[in-house]
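The values are calculated or read from the model by the stated rules, or taken from the named source; none is laboratory data. No experiment lies behind these values; they were computed from the predicted model shown. Positions of Cβ are backbone-derived with ideal geometry, glycine not excepted, and every protein chain shown enters the neighbour counts. Areas reflect the complete protein model, heavy atoms only, side chains present, ligands, DNA and RNA absent. Shrake-Rupley method; radii C 1.70, N 1.55, O 1.52, S 1.80 Å.
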Protein chains: 4
Amino acid sequence: RSMAAVLRGSRYLVGRSFNHGAFAFVSSRSMASKTPVGFIGLGNMGNPMAKNLLKHGYPIIATDVFPESCKEVQELGAQIVDSPAEVADKADRIITMLPSSPNVMEVYTGSNGILKKVKKGSLLIDSSTIDPTVSKEMAAAAEKMGAVFMDAPVSGGVGAASSAKLTFMVGGAEEEFTAAKELLSCMGANVVYCGQVGTGQAAKICNNMLLAIGMIGTAETMNLGIRLGLDPKLLAKILNMSSGRCWSSDTYNPVPGVMEGVPSGNNYQGGFGTQLMAKDLGLAQNTATNTKTPVPLGSLAHQIYRMMCARGYASKDFSSVFAFLREEEGQQ
Amino acid sequence: RSMAAVLRGSRYLVGRSFNHGAFAFVSSRSMASKTPVGFIGLGNMGNPMAKNLLKHGYPIIATDVFPESCKEVQELGAQIVDSPAEVADKADRIITMLPSSPNVMEVYTGSNGILKKVKKGSLLIDSSTIDPTVSKEMAAAAEKMGAVFMDAPVSGGVGAASSAKLTFMVGGAEEEFTAAKELLSCMGANVVYCGQVGTGQAAKICNNMLLAIGMIGTAETMNLGIRLGLDPKLLAKILNMSSGRCWSSDTYNPVPGVMEGVPSGNNYQGGFGTQLMAKDLGLAQNTATNTKTPVPLGSLAHQIYRMMCARGYASKDFSSVFAFLREEEGQQ
Amino acid sequence: RSMAAVLRGSRYLVGRSFNHGAFAFVSSRSMASKTPVGFIGLGNMGNPMAKNLLKHGYPIIATDVFPESCKEVQELGAQIVDSPAEVADKADRIITMLPSSPNVMEVYTGSNGILKKVKKGSLLIDSSTIDPTVSKEMAAAAEKMGAVFMDAPVSGGVGAASSAKLTFMVGGAEEEFTAAKELLSCMGANVVYCGQVGTGQAAKICNNMLLAIGMIGTAETMNLGIRLGLDPKLLAKILNMSSGRCWSSDTYNPVPGVMEGVPSGNNYQGGFGTQLMAKDLGLAQNTATNTKTPVPLGSLAHQIYRMMCARGYASKDFSSVFAFLREEEGQQ
Amino acid sequence: RSMAAVLRGSRYLVGRSFNHGAFAFVSSRSMASKTPVGFIGLGNMGNPMAKNLLKHGYPIIATDVFPESCKEVQELGAQIVDSPAEVADKADRIITMLPSSPNVMEVYTGSNGILKKVKKGSLLIDSSTIDPTVSKEMAAAAEKMGAVFMDAPVSGGVGAASSAKLTFMVGGAEEEFTAAKELLSCMGANVVYCGQVGTGQAAKICNNMLLAIGMIGTAETMNLGIRLGLDPKLLAKILNMSSGRCWSSDTYNPVPGVMEGVPSGNNYQGGFGTQLMAKDLGLAQNTATNTKTPVPLGSLAHQIYRMMCARGYASKDFSSVFAFLREEEGQQ
């Protein structure tokens, strides 16, 4: 058991014993029984995640570079402060949900960053999707201050964030996983321990790389089959009972009309944007380059999503690669 | 109902009424009650397929360019003849199982080919995996002779052929499908009607292209994850509960030690050879080129399997792409 | 020396001795001194090529599926006939310039094709760009009729055809090359003997595959350099004095403003269309697939030009890949 | 003219006036007339570069992490010191030639780095090939200390370094270029000014990306042509007079026997190693990812060189991609 865990653990004990005592007096689970949780980054994903923590009775100390993003959670009772440093001053468990590596570096190690005021024993959980080497750097910097950093990127979009159905892939010291899971399970349906710091990011990046390959592959295959005279629904059915089966063919088919309730049926609106997929593939590419790992299809998938961004598909769902590859109307 | 079906149908009626009469005298299913079926191509796949037809009581008239290939089915009661033309002279239902397009053209339209002596109304079923345009040409040539041609390539290897668990993807006139299914269901567990002639091949080619993409993608992803510090079994588990899931990750994982009973656990022996996958991807490439369909990942998958053939992986299972991409021992 | 050459040779001797006699009476080059040349396919390329033969004093017997294409050469003195067979009846040297393999097969082996009436010893030169295996088939079919077939595809566009600056890459029996060169050098500046039948096509296909790779590579590189802050003219200059130098960087730069007199300076109009490049890359892909040759970059180049066709670039010059890869205005 | 230039300029004046005086006493070019130049990184490239500076009469103050690397230049008169900081203490013009970005960061900003003791007005020239963003960071750090940083990566290998035939691509403040050129022209034949800091790296990376694409493309094309029956020398000749022409086809042909004096004629020994090319392509990939630039062929070239490293080609010349793509002996 790490020193950090012991330090924070002692605070927990206080909380828990108080809690025990409280049970004698109140009939329902007391809000007051939980120590505050910091939350930094209240964007499309962070907002519903923070709300789910509030629903579970955690007092929230939050901040965001865009003050208007804080409004909604403030109305639900969150306390808004001015900087990550202030959050760290008021909470010893902090969750961060940020767009990219530079934001994470700024929020943790910047001049008003968490580490300026972090308490010994604090648990810092970063749910951003970033380069695992940055996660490792943040972990090392946190450790110097006596705090614990874990990476816990999510799988699932805004819908899953709202309904607390996210999957968290968690990297970091194993003895801290229970403490992390307590919070993360308020916001997600699955919390998976992946190994040392950075492996949460690694698992996320790996999954999304294979997802992108499967999606483009499905789009190419469906397009080819249609041109060869196959009915798209029938082709999907055949693939799904055969060895071509994948999530993109059986759960998120990119061809309009094959499935209900997926972005391909709604002009590729909603879902997971091409630009976001391109970003994740860029991370996969970087980690592959840095570790000298050949990823020929992953690399080409990256390039295809990058070309799509250049050709106007940036904000469409990533299954719109089917539309990108398809012949334009009136062309041959 | 096509004229061909009517012609052959009349023969069926004779057989069936005889059959009915037979039921009065014998307690078990009579061998004599079924009209002979021709079988051309007794290789690794054709041999067990023909045996399954024999097991179901169909008299077999067979031939192969390699006489020794005929020995086994001959001992089980098949009649061996010298040429496809002779088979066509003696049987009005014929199944062909051949290595590639030129063999199919020779067997059907060559100087001793089926079409030299085919009877009006005959049903010709080709289970080879070939270019769908060749299937269409054979169908047109058969039609001129008053016969019916269907393409019915299989999914599943030698094991599935032996245990009659193949999947048949069938293209051709819909009114002939029932007649084809009668025979094919003796050799396979699934018989799927795909549409007009050539669509069986199209479905097969599409499935295998997506399979190859999924397999290489899985190999790249697992390799990257391992280098990033993830345990391979854990990574496979995470992918399989997430959107990266595919047949290659959850049923045929290419990483040694992740699953039991797959070629990756047996030094990539057995299974589906890299050379065969390269052949199918060549067909996919050709049909994509001919129909002007962009297939960037399918095309790169083709090239990767072709490079593997050049580097000594031709006869290993196609999941050996994991070994191909991996760093050699002692290298950095 | 082949029998065909001997047969045609005897005719030449007649022509030449007549020629000698003629020299006594006329001061200028006599039209009558040359035996007629057949020309089939009077499209954008064939038209100026036939005119150049007329300029050199060869009587022309021509035909085309579109009668209006014949008008111009007819006005210049060519005799127009109804079919390839009629051309073969009237001329023992024939040049064909057709869009693709099926056209070539029809013109040579169709029901009104050249081979229906070809004279023994005739020289048949095909300047179309087609699959080398089709060239070999045509050569074999011609040989059966006692005629000689050579493939002689061209490098250079409509401009080079008009100014007789084409390069011909010639495959076929070496002893016939001199006879072929006599005609081809009226239409081109370079006539290169490549080897047996089909090697002319092979050389053409190889060149265009490497050209496509170089062009896309140059476009990617220039785009990347510009985004990294380099001036495009300076970058082109640096590449052209370094090992990155290629025809696409130093002669046909795809970036608007870097060079004068190339399609990139004229909104990618004129030049060599993306669709035509995609067709040639399809031929390269097919020959690579058939010979089991890995061509990873050639294959991806094919896919990129195919995607460009799907996205509206079909009729723009193939250097427009720079525009395709570039970020759209107003995007990030 | 920058303040840094003015500061260093004043020292130059001192040096030069001293120089003038010296001319009265010595008949030949005096060693003492030049102020010392620092040199950090005496590997395969740095060693001959430093020697060329010595030959031109510059006193050298050098260091390297491997003391044995310093031996040779020490014997030629260079003064060896213990750290980059000491070099900076003794010389106000410093050249660095290091393997990769982390080394550059350490040498400049590490605890014993140049910037710990750098003099105001010093000129720091980095000839390493690294990520241009690192060059920019080093320039900013140097500027804070009143020094000037320029990136000046080289094109050309060990041979060019020995014979002072390198090409330098220089990025940085234009008013410093003359001062940089004075030193660089002792070691190279071409010194090209590319623009602001980082553009030297950008030009280098761009050139090598296009070089890799051209080399793999040439290897694929030559291999395909040979399989189609073309003589390799003839094919190279045709390409080189056509639009497929590139440096890899006309100056460094990868096919054994086509050219003299290139690595392909020497079992791919010497030249520019596959591993080094893979490193440069990794840099190109990173800059493309960071600037969201699609580089499909560049990216695939990177993957191919990475696969080659995994398959035992790491230390062979990068033209060995021809051998990698070729069928193994005894295979089909």
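Using heavy atoms of the protein chains and a probe of 1.4 Å, the accessible area assigned to residue C:227 is about 70 Å². Between residue B:185 and residue D:66, with labels modelled 7 Å along Cα→Cβ, what's the label distance in nm to one decimal, could you check? Going from the residue B:185 label point to the residue D:66 one covers 7.3 nm. Between residue B:100 and residue B:74, the FRET efficiency estimated from the beta carbon spacing at R0 = 35 angstrom works out to 0.90.
Annotation: amide H of residue A:150 within the under-5 Å range of A:124, A:125, A:126, sequence separation 5 or more or interchain, hydrogens built in the peptide plane.
Under a 5 Å amide H cut-off, with hydrogens placed 1.01 Å from N, residue A:37 pairs with A:60, A:61 among residues at least 5 apart or on other chains.
Residues B:228, C:184 ordered from highest to lowest accessible area at a 1.4 Å probe: B:228, C:184. Net charge dipole, region B:203-326: roughly 240 debye, given to the nearest 20, about the Cα centre with Cβ charges of +1 for Lys and Arg and -1 for Asp and Glu. Computed on chain B, with alpha-carbon pairs under 8 angstrom and 6+ residues apart, the relative contact order is 12 percent. Just which residues of region C:296-319 lose 50 Å² or more accessible area with every protein chain there, against their chain alone, with the probe set to 1.4 Å? The answer is C:296, C:297, C:300, C:303, C:306, C:307, C:310, C:311 - residues whose exposure falls by at least 50 Å² when every protein chain is included.
Keeping every protein chain in place, order B:274, B:35 by accessible area at 1.4 Å, biggest value first, i.e. largest first. Can you show the working numbers first?
Values: B:274 0, B:35 45 Å².
Highest to lowest solvent-accessible surface, that is B:35, B:274.
Counted over region B:37-196, the DSSP beta bridges are approximately 10% antiparallel. Add +1 for every Lys or Arg and -1 for every Asp or Glu among the other residues with Cβ under 12 Å from the Cβ of residue A:81, and state the total. With Lys, Arg at +1 and Asp, Glu at -1, the net is -2. Close lysine pairs were tallied over region C:203-326: pairs 8 or more places apart or on different chains with Cα atoms under 30 Å apart number 8. The charge dipole of the protein assembly as shown, taken about its Cα centre with unit charges on the Cβ atoms of Lys, Arg (+1), Asp and Glu (-1) only, comes to about 20 debye.
Mind checking the dipole of region C:37-196: about its Cα centre, +1 per Lys or Arg Cβ, -1 per Asp or Glu Cβ, Debye to the nearest 20? Before the final figure, lay out the partial values.
Working: 13 positive and 18 negative charges, 50 e Å.
Using Cβ point charges on Lys, Arg, Asp and Glu, region C:37-196 gives about 240 debye.
With the cut-off at 1.5 for a/c, could you classify region C:231-278 from its C-alpha gyration tensor as rounded, prolate or oblate? Oblate, since a/c reaches 1.5 and b/c is not below a/b. Could you check the spin-label model distance between residue D:251 and residue D:269? Points 7 Å from the Cα along Cα→Cβ, value in nm. Calculated label separation equals 2.5 nm.
A simple spin-label model places pseudo-atoms 7 Å from Cα toward Cβ; at residue C:241 and residue C:55 they are separated by 3.9 nm. In the calculated pair distance distribution of region C:37-196, what percentage of Cα-Cα distances lie above 24 Å? Tail of the P(r) past 24 Å holds 23 percent of the pairs. Among beta bridges identified by DSSP and lying wholly in chain B, the antiparallel ones come to about 15 percent. Of the accessible area of the protein assembly as shown, computed with a 1.4 Å probe over protein heavy atoms only, carbon and sulfur atoms account for 54 percent.
Cα gyration tensor of chain D, axes a ≥ b ≥ c as square roots of the eigenvalues: rounded (a/c below 1.5), prolate (a/b > b/c) or oblate? Don't skip to the end; give the middle numbers.
Numbers: a/c = 2.30, a/b = 1.93, b/c = 1.19.
Prolate is the answer for chain D, as a/c is 1.5 or above and a/b outweighs b/c.
For residue C:90 and residue C:178, the FRET efficiency from 1/(1 + (r/R0)^6), where r spans their Cβ atoms and R0 equals 35 Å, is about 0.90.
Name the shape class, rounded, prolate or oblate, that the alpha-carbon gyration tensor gives for the protein assembly as shown, where a ≥ b ≥ c are the square roots of its eigenvalues, rounded holds for a/c under 1.5, and otherwise prolate holds if a/b is larger than b/c and oblate otherwise. Before the final figure, lay out each step's value.
Numbers: a/c = 2.33, a/b = 1.22, b/c = 1.90.
Oblate is the answer for the protein assembly as shown, as a/c is 1.5 or above yet b/c matches or exceeds a/b.
Which whole-number percent is the relative contact order of region A:42-139 (Cα, under 8 Å, 6+ apart)?
Working: 133 pairs, mean separation 24.4, N = 98.
After rounding, I find 25 percent.
Based on Cα contacts under 8 Å between residues 6+ apart, region C:117-270 shows a relative contact order of 17 percent.
Taking all protein chains together and rolling a 1.4 Å probe, residue B:309 ends up with roughly 10 Å² accessible.
Return the percentage of antiparallel bridges among DSSP beta bridges fully within the protein assembly as shown, rounded to the nearest 5 %. It would help to have the intermediate numbers written out before the result.
Values: 18 of 110 bridges.
Around 15 percent of the beta bridges assigned by DSSP in the protein assembly as shown are antiparallel ones.
Residues A:143, D:182 ordered from highest to lowest accessible area at a 1.4 Å probe: A:143, D:182. Taking chain C as a whole, the Cys residues whose C-beta sits 4.7 Å or farther from every other Cys C-beta are C:70, C:186, C:194, C:206, C:309. The ellipsoid that matches the Cα gyration tensor of region A:203-326 has semi-axes, each √(5λ) in whole angstrom, of 24, 16, 12, with the longest given first.
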